[in-house]
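Visitor: Below you will find the structure I want to go over with you.
The values are calculated or read from the model by the stated rules, or taken from the named source; none is laboratory data. These numbers were taken from a predicted model, which means no experiment stands behind them. Cβ coordinates were reconstructed from backbone atoms using ideal geometry, including for glycine residues, and neighbour counts include every protein chain displayed. In case anyone asks, the SASA skips ligands and DNA or RNA and just uses the protein heavy atoms, side chains included. Shrake-Rupley method; radii C 1.70, N 1.55, O 1.52, S 1.80 Å.
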Amino acid sequence: MTARPIPEPFENLHDRILDVVGEEGVVAEAGEMARYLAEERGRFVGKAAFVVRPANTREVAEVVKLCAEAGIGIVPQGGNTSMVGGSIPFEEGDEIVLSLERLNRIRALDADNFTMTVEAGVILQEVQQAAAAADRLFPLSLGAEGSCRIGGNISTNAGGVQVLRYGNTRELVLGLEVVLPDGRIWDGLRALRKDNTGYDLKQLFIGAEGSLGIVTAAVLKLYARPREIVTAFVAVPDPAAALALLSRLRGASGESVTSFEILPRLGLEFTLRHIEGCRDPLEAAHPWYVLVELFGGREDGGLRELLEEALAEALEGSLVLDATLAETEAKRRELWRLREAMSEAQKFEGGSIKHDVSVPVSSVPAFIAEAGALVTELIPGCRPVPFGHLGDGNIHFNVSQPLPEAGGDFAPGKAAYLARWDEMNRAVHDLVVRRFHGSISAEHGIGRMKLAENERFKSAVELDLLRTVKKALDPHGIMNRGKVV
Ligand SMILES: Cc1cc2nc3c(=O)[nH]c(=O)nc-3n(C[C@H](O)[C@H](O)[C@H](O)COP(=O)(O)OP(=O)(O)OC[C@H]3O[C@@H](n4cnc5c(N)ncnc54)[C@H](O)[C@@H]3O)c2cc1C
């Protein structure tokens with residue numbers, strides 16, 4: 001039984017939904033609901049009439065149908081990790097949260113077709129593990145993989161650390177099953193590499209952040225499991241050298257470069273200072289680093305020698321200052337930990353204003369230099385920590401607050417510094433879009449956080465197209481309203 005009284009306008013709907021999903025499928029007690037109503041950073045905290053947890057596609061469809069009839073808004077939710085407020089209801093409490101967490105079955109794995117059919121609530125790491133158990137690779141890999149769910153990954157078109165080689169989630173989905181805003185089920189679970197029978201409807205729902213329907217299952221593309229993995233931590237003088245090294249390695253290795261992540265010295269210092277068990281893998285300090293990983297199809301297929309030779313050559317030409325290769329899996333994990341801890345370590349250095357942006361790969365060095373100068377002019381003493389996926393042009397341009405000794409208005413006032421968030425975002429986004437023709441959201445989506453910013457940059461034609469699609473699929477605006485468009 002539910003302990004909290006259901007708000008009056010929802011009583012009837014609650015009871016009818018309860019009939020569909022049973023006691024296990026409804027959460028209405030305030031304490032139990034809390035984890036569905038806030039995301040980890042605490043930036044968005046919402047209210048909901050109640051939370052529904054259907055157990056299968058039919059139940060999702062019936063719940064959506066009931067909400068459509070009642071005109072009640074639905075906020076779909078996966079692992080609730082996306083951090084832009086897309087999975088959190090608004091503060092009015094007049095929506096329901098529909099969690100996909102109980103749709104957690106792997107329906108099929110076809111090793112010869114290199115595909116897997118999964119329900120939306122399967123945790124990303126479990127998808128990866130199931131693929132590995134069948135000697136296959138599902139290449140989507142990111143920091144939140146232990147808690148985000150594949151339906152959320154699809155709905156945000158997640159990227160991660162292997163986009164350079166395998167593409168974004170959009171490239172990893174062959175088919176979808178979707179519950180539409182009127183409760184009908186679209187079965188598009190095709191496992192085909194080729195299908196030219198008209199509009200590619202699944203693409204509408206990928207990256208739609210729950211604004212067009214609820215993804216309930218997907219056919220995912222699998223790859224051969226790599227037999228050789230070579231990982232190096234490389235010091236470089238500047239981002240331009242890192243870019244030149246990337247081009248060189250891509251050419252020399254026949255596109256075996258799977259990850260190519262850039263880290264500034266300041267970011268590494270934060271990690272060494274604050275994150276337990278991390279140590280500098282190189283003897284001297286250097287201004288910039290890249291973490292590079294290559295995947296090969298054969299054990300001892302010569303990738304290691306290839307990387308060693310390429311790095312030695314780059315060292316002679318001063319493109320590289322120093323490097324270390326992981327000799328063991330434990331060492332490889334240690335090197336990756338330095339990259340993965342970048343965001344976490346910044347929390348200990350006061351306020352951090354964030355930008356999740358992308359520019360053409362070849363423009364990354366110029367972007368880092370110009371954005372650094374821009375924010376420093378805006379807030380003297382602020383500390384840019386640009387890091388991330390140089391291989392696909394996606395830089396997390398995070399800026400830590402000035403140190404107390406740097407003086408100025410914001411040292412050490414975290415709140416005063418963070419109050420400049422929107423102003424700094426606007427300046428950096430202007431640079432990204434107007435100068436570099438980049439994107440103001442490379443990975444995390446639009447959600448609530450970037451709605452206004454997105455509209456600032458989209459042309460009237462593009463906004464019109466987006467709104468036309470939204471209206472066509474969701475004429476009553478019940479699916480994740482107030483998000484994305
Ligand atoms: C530590 C960390 C590291 C990260 N690193 C990366 C990275 O390297 N690359 C990257 O691209 N992203 C990264 N992210 C963001 C990540 O992509 C998203 O958090 C993740 O893909 C969202 O999955 P989720 O299940 O948590 O979705 P949620 O946060 O629950 O939802 C995200 C959006 O999708 C909607 N939604 C969820 N499920 C469905 C569904 N079944 N049908 C329709 N709509 C749905 C929600 O309404 C919401 O709008 C990172 C996040 C964290 C916390």
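Visitor: Using modelled amide H (1.01 Å from N, peptide plane; none on Pro or chain starts), what sits under 5 Å from the amide H of ARG107, excluding residues fewer than 5 places away?
Guide: Those lying under 5 Å, H to H, from ARG107 are THR117, VAL118, GLU119.
Visitor: Return the sequence-ordered ³J(HN,Hα) values of the range 28-35 in whole Hz as given by the Karplus equation 6.51 cos²θ - 1.76 cosθ + 1.60 applied to θ = phi - 60°, using x for Gly and Pro.
Guide: 9, 7, 3, x, 6, 6, 3, 5
Visitor: Same structure again: Can you grab the distance from the C-alpha centre of the range 379-395 to the C-alpha centre of the range 411-468, Å, no decimals?
Guide: After rounding, the separation between the Cα centres reads 16 Å.
Visitor: Rounded to the nearest 0.05, what FRET efficiency is calculated for LEU378 and HIS274 with R0 set to 22 Å and r the Cβ-Cβ distance?
Guide: According to the calculation, E is roughly 0.30.
Visitor: May I pose another question? Counting only heavy atoms of protein chains, what accessible area per residue, in Å², does the range 383-476 have with a probe of 1.4 Å?
Guide: Result: 47 Å² per residue.
Visitor: In whole Å, largest first, what are the principal axis extents of the Cα atoms in the range 8-99?
Guide: So the extents along the principal axes, rounded to whole Å, are 35, 27, 23.
Visitor: Where does the chain land at 222 nm, in deg cm²/dmol rounded to the nearest 500, when only DSSP H runs of n ≥ 4 count, each adding -39500 (n - 2.57), divided by all residues?
Guide: -9500 deg cm²/dmol
Visitor: List the pairs from LYS347/LYS471; LYS65/LYS470; LYS347/LYS470; LYS202/LYS471; LYS202/LYS483 whose alpha-carbon separation is above 29 Å, in the order I gave them.
Guide: LYS347/LYS471; LYS347/LYS470
Visitor: Output the peptides 127-140, 304-317, 78-91, 251-264 sorted from most to least packed, where packing is the average of other Cβ atoms within 10 Å over each peptide's residues.
Guide: My ranking of the peptides, most packed first, is 78-91, 251-264, 127-140, 304-317.
Visitor: Would you mind checking the range 288-309 for residues with the amide N under 19 Å from a putative spin-label position 7 Å along Cα→C-beta of ALA111?
Guide: Answer for this model: 297-299.
Visitor: Could you give the accessible area per residue of the range 106-224, probe 1.4 Å, as a whole number in Å²?
Guide: Spelled out: the 1.4 Å probe surface of the range 106-224, per residue, equals 39 Å².
Visitor: Arrange the residues LEU319, LEU176 by how much accessible surface each exposes, largest first, with a 1.4 angstrom probe.
Guide: LEU319, LEU176
Visitor: If you don't mind, there's one more thing I want to ask. Considering only C-alpha atoms, what is the centroid distance from the range 165-234 to the range 32-68, in Å?
Guide: Their Cα centres are 23 Å away from one another.
Visitor: Ignoring any ligand, DNA or RNA, what whole percent of the accessible area of the chain comes from carbon and sulfur when the probe is 1.4 angstrom?
Guide: Ligands and nucleic acids excluded, carbon and sulfur give 51 percent.
Visitor: How big is the chain by Rg and Dmax over its Cα atoms, in Å?
Guide: Considering the chain through its Cα atoms, Rg and Dmax are 23.4, 74 Å.
Visitor: So if each residue of separation counts as 0.36 nm, and I subtract the Cα-Cα distance between ARG184 and ALA369, what length gain in nm does that give?
Guide: Taking 0.36 nm per residue and subtracting the Cα distance, the gain is 61.6 nm.
Visitor: How far apart, in nm, are two points set 7 Å out from the Cα along the Cα-to-Cβ line at GLN125 and at ARG435?
Guide: That separation, rounded to one decimal, is 4.0 nm.
Visitor: In the neighborhood of VAL219, defined by Cβ-to-Cβ distances under 12 Å, what is the net charge if each Lys or Arg adds +1 and each Asp or Glu adds -1?
Guide: Here the charged neighbours net out to 0.
Visitor: Quick check: with the 1.4 Å probe, what order do LYS458, LYS483, LYS194 take by accessible area, largest first?
Guide: LYS194, LYS458, LYS483
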